[in-house]
1. By how many nm would the segment from residue 148 to residue 108 lengthen if fully extended, with 0.36 nm per residue of separation less the alpha-carbon distance?
2. Would you mind getting me the FRET efficiency between residue 157 and residue 23? Use the beta-carbon distance for r and R0 = 30 Å, nearest 0.05.
3. When the convex hull of the Cα atoms of segment 63-168 is projected onto a plane and the area is averaged over all directions, what value comes out in nm²?
4. May I ask you to work out the translational diffusion coefficient for the chain at 4 °C, viscosity 1.567 mPa s, via Stokes-Einstein with Rh from the Kirkwood sum over Cα pairs, reported in whole µm²/s?
5. Within the set of other residues whose C-beta is less than 15 Å from the C-beta of residue 172, count the net charge using Lys and Arg as +1 and Asp and Glu as -1.
6. May I ask which of 47/77; 19/142; 68/173; 19/57; 57/173; 87/134 have a Cα-Cα span longer than 28 Å here?
7. Can you show me the helix-derived [θ] at 222 nm for the chain, built from DSSP H runs with n ≥ 4 at -39,500 (n - 2.57) apiece and divided by the number of residues, rounded to the nearest 500.
8. Can you divide the C-alpha Rg of segment 130-180 by 2.2 N^0.38 Å and report the result to two decimal places?
Amino acid sequence: MQPIGPLMKEHRLIEQLIKYMSKELEKIRQERQADIGNIDMILDFIKTYADKCHHGKEEDILFQGLDKKPLIPEHRKILQELLAEHKYARGVVNNLQQAKIRYSEGNVDSIPAIMESMDELTIFYPRHIEKEDKHFFLPVMKYFSPAEQEKMVADFAVFDQALIHDKYQQLIKELEQNRS
């Protein structure tokens, strides 16, 4: 199995979330109010699945492996762009989180900030995914031997297993803190 298979499969799930977010954004625009539970679900998905899981595997495994390879300038440039885009997305997600907190505290003036952040994410992710799918993942696989590709697939599986444990260890920690 090529390492990009799991990454591209994750892209399809992220695209589904983006479609849902677009519909939720339209609803917020029409009603001028937000559903905190839906925004929390969106934030959890993006922070956990899209960023920690998907971007985490890219950054900690694929990109680190590529850093050791003699990339042509075009691939090196795209790699740096992707890293910058991951950072950008984290900033937008943080803005959405902060706007949601203000809204949940009764500040209805934060609705435009919620809409702006959601709009940015619905524009960002399709472009980012297209860049990875069509211009990066397939070409950079040539830098890895079949054995290195197999190891990468195994490393992705180990990464996923650790992630779920981290998520639920954090949940228990938060529950215990709230009980105190």
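1. Gain in length upon complete extension: 9.2 nm.
2. E(calc), rounded to 0.05, equals 0.35.
3. 8.5 nm²
4. 73 µm²/s
5. Around residue 172, the surrounding residues sum to 0.
6. Values: 47/77 25 Å; 19/142 33 Å; 68/173 37 Å; 19/57 23 Å; 57/173 24 Å; 87/134 21 Å.
Pairs exceeding 28 Å: 19/142; 68/173.
7. Calculated at 222 nm, the ellipticity per residue is -26000 deg cm²/dmol.
8. Ratio of Rg to 2.2 N^0.38 Å for segment 130-180: 1.83.
The values are calculated or read from the model by the stated rules, or taken from the named source; none is laboratory data. All of these numbers come straight from a predicted model, not from anything done at the bench. Here Cβ is always computed from backbone atoms with ideal geometry, including for glycine, and neighbour counts include all displayed protein chains. Remember, those area values only see protein heavy atoms, side chains included, never the ligands or the DNA or RNA. Shrake-Rupley method; radii C 1.70, N 1.55, O 1.52, S 1.80 Å.
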